[in-house]
Amino acid sequence: MSTAHASRFGGAALERLLAGEPRSVALAISEVERGQISSGALAAALAGHLGRAHVIGLTGAPGAGKSTLVDALLGALLARGRRIGVVAVDPSSPLSGGAVLGDRVRMGPHGAHRDVYIRSLASRGQLGGLSHCTREVVDVLDAAGFDTVIVETVGAGQSDVDIMNLADTKLVACPPGLGDAVQAIKAGILEIADILVVTKSDLAGAAGTAADLRQMQALRGAAAVPVMAVCATGGEGVAALLDRIEGHRDRAGRGSRLRHCGQAPAADEFAARVYALAAADPFARALGMGCTEAGAGHATVTLTLREDHLNFMGSCHGGVVFALADTAFGLAANSHGRVAAGIDAHISYQHAARRGQTLVARAVETSKSGRLGFYRVDVTLRDGPLVSTFSGTVSMKT
Ligand SMILES: Nc1nc2c(ncn2[C@@H]2O[C@H](COP(=O)(O)OP(=O)(O)O)[C@@H](O)[C@H]2O)c(=O)[nH]1
Ligand SMILES: [Mg+2]
């Protein structure tokens, strides 16, 4: 099944999705929701296109003012020329239809803007499944080129914390009233905040809630998280909150969410190209290699040694070391987007590697002259000695 669906997201369908065509985006998300695309197939199709969107997570108790705040943020983001995807997650809602309506209504006029795409996800009975599904939906929106993706989720314990871990910047909404702040602490959601947002700042008690939150942090000896007050209905504080959110993005980095799940974000077009090439290499995947870092003229590929990587002496097969170094070499040489084919390679072996150890091959371009490129690859044990050195030459087609 996964292969059939993987092919659906290859070629033209993937191109349309990456171009942000709304119908393709909706189709991909529906398939994710129905569990029709295995995460492996989707991850392979989207690899190399992730980490460009800034993902904002917003959680808080029901009625805290989250959806109203999302709409206010949409207005501010649209004013800054952004395209925004919104995922509203409501684990308590038995029916997605109800959640869609509820959030559409509350998210107000901005929800209908052509640069805004809103999707609701409701429980399918399993909370763990919901956070997994949410992650895939966020990946689809990220790959589809949305600048900002906002995930609104009801503060309801562990599944909510899991969902918030999908975000680069995490906001916790605390409406006026100490009770709500205490609830948030109980649910363990205050700890995950990058910014604490006191919502409904027009109501009496908002200043007190902000003071309580600051005091609670001081009492708990926690690192101070900024506390910002906003009135989403009147607009006060919204622009300042967005400045704070985007300031956090600039420090933490877009795509920092991906580090939680061991995926490397595509830092630039070169990296994006290399990750896509790596994902499209069945030989490297079959051996268990993963590309962990890439850029213009360089790439790092890692492999943890399994039983079937060993030779008759019980140490890592020389062919495996060669394959790893050659893969890093090929990826680095093709980072430039011109087809580069290896024409010569030399390898030397310095150190034997054993089962369970991780090999790291880092390829760098040493020089380029005309159509020829020269690369050097060091293969080491992770944080350990040099296992092998490899040098290679490629010929590039213009
Ligand atoms: N006074 C006031 N009410 C607000 C504000 N933001 C939201 N509300 C109200 O709070 C209620 C819950 O808002 P909603 O955004 O649906 O909360 P959610 O459940 O956290 O998404 C609604 O009746 C909103 O109109 C605000 O800034 N000031
Ligand atoms: Mg809501």
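The values are calculated or read from the model by the stated rules, or taken from the named source; none is laboratory data. Since the model is a prediction, treat every value here as computed from it, not as a measurement. Counting neighbours? That spans all protein chains shown, and the Cβs are built from the backbone with ideal geometry, glycine included. Heads up: the accessible areas ignore ligands, DNA and RNA and are worked out on the full protein's heavy atoms, side chains in. Shrake-Rupley method; radii C 1.70, N 1.55, O 1.52, S 1.80 Å.
Values computed for the structure shown
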{"read-out": "Any pair with Cβ under 6 angstrom, 6 or more apart, that starts in region 66-82 at a residue that is open to solvent by less than 20 Å² (accessible area, probe 1.4 Å) and ends at one that is within 8 Å of ligand 1 (Cβ to nearest atom) and assigned to a helix (DSSP H, G or I)", "value": "Ser67/Asp103; Ser67/Arg106"}
{"read-out": "Region 108-156, residues that are modelled with pLDDT under 80, among the polar types (S, T, N, Q) and either assigned to a helix (DSSP H, G or I) or closer than 15 Å to Gly20 by Cα (or both)", "value": "Ser131"}
{"read-out": "Which numbered condition Thr327 misses (of (1) open to solvent by 50 Å² or more (accessible area, probe 1.4 Å); (2) within 19 Å of Tyr275 (Cβ to Cβ))", "value": "(1)"}
{"read-out": "Residue ID - farthest from Ala299 (Cα to Cα), chosen from residues in region 369-378 that are in a strand (DSSP E or B) and free of Cβ contacts under 8 Å to residues at least 40 places away in the same chain", "value": "Ser369"}
{"read-out": "Filtered residues of region 161-219 (kept if away from ligand 2 (no atom under 16 Å from the Cβ), at pLDDT 80 or above and among the charged types (D, E, K, R))", "value": "Asp168, Lys170, Asp194, Asp202, Asp212, Arg214"}
{"read-out": "Lone qualifier among Arg376, Arg371 - being out of contact with any Phe, Trp or Tyr (no Cβ under 9 Å at 6 or more places or on another chain), of a type outside the set (Gly, Ala, Ser) and open to solvent by 30 Å² or more (accessible area, probe 1.4 Å)", "value": "Arg371"}
{"read-out": "Selection count where residues are among the hydrophobic types (A, V, I, L, M, F, W, C), closer than 18 Å to Ala193 by Cα and more than 9 Å from ligand 1 (Cβ to nearest atom), scope region 37-79", "value": "3"}
{"read-out": "Filtered residue count, region 195-206, keeping only those that are free of Cβ contacts under 8 Å to residues at least 40 places away in the same chain and open to solvent by less than 80 Å² (accessible area, probe 1.4 Å)", "value": "5"}
{"read-out": "Looking only at region 379-398, and only at residues there that are in a loop (DSSP other than H, G, I, E, B) and at pLDDT below 90, the one that is surrounded by the fewest Cβ atoms within 10 Å (Cβ to Cβ)", "value": "Thr398"}
{"read-out": "Single residue of Val238, Val225 found to be modelled with pLDDT under 90, among the β-branched types (Val, Ile, Thr) and open to solvent by less than 40 Å² (accessible area, probe 1.4 Å)", "value": "Val225"}
{"read-out": "Which numbered condition Leu277 misses (of (1) within 21 Å of Thr393 (Cα to Cα); (2) open to solvent by less than 50 Å² (accessible area, probe 1.4 Å))", "value": "(2)"}
{"read-out": "Per-region count, region 331-356, residues open to solvent by 60 Å² or more (accessible area, probe 1.4 Å) and farther than 18 Å from Ala284 by Cβ", "value": "9"}
{"read-out": "Flag if Leu359 is out of contact with any Leu (no Cβ under 6 Å at 6 or more places or on another chain) and without any contact (Cβ under 8 Å) to a residue 60 or more places away in the chain", "value": "no"}
{"read-out": "Any hit, region 47-57, residues being within 16 Å of ligand 2 (Cβ to nearest atom) and in contact (Cβ under 8 Å) with a residue 60 or more places away in the chain", "value": "yes"}
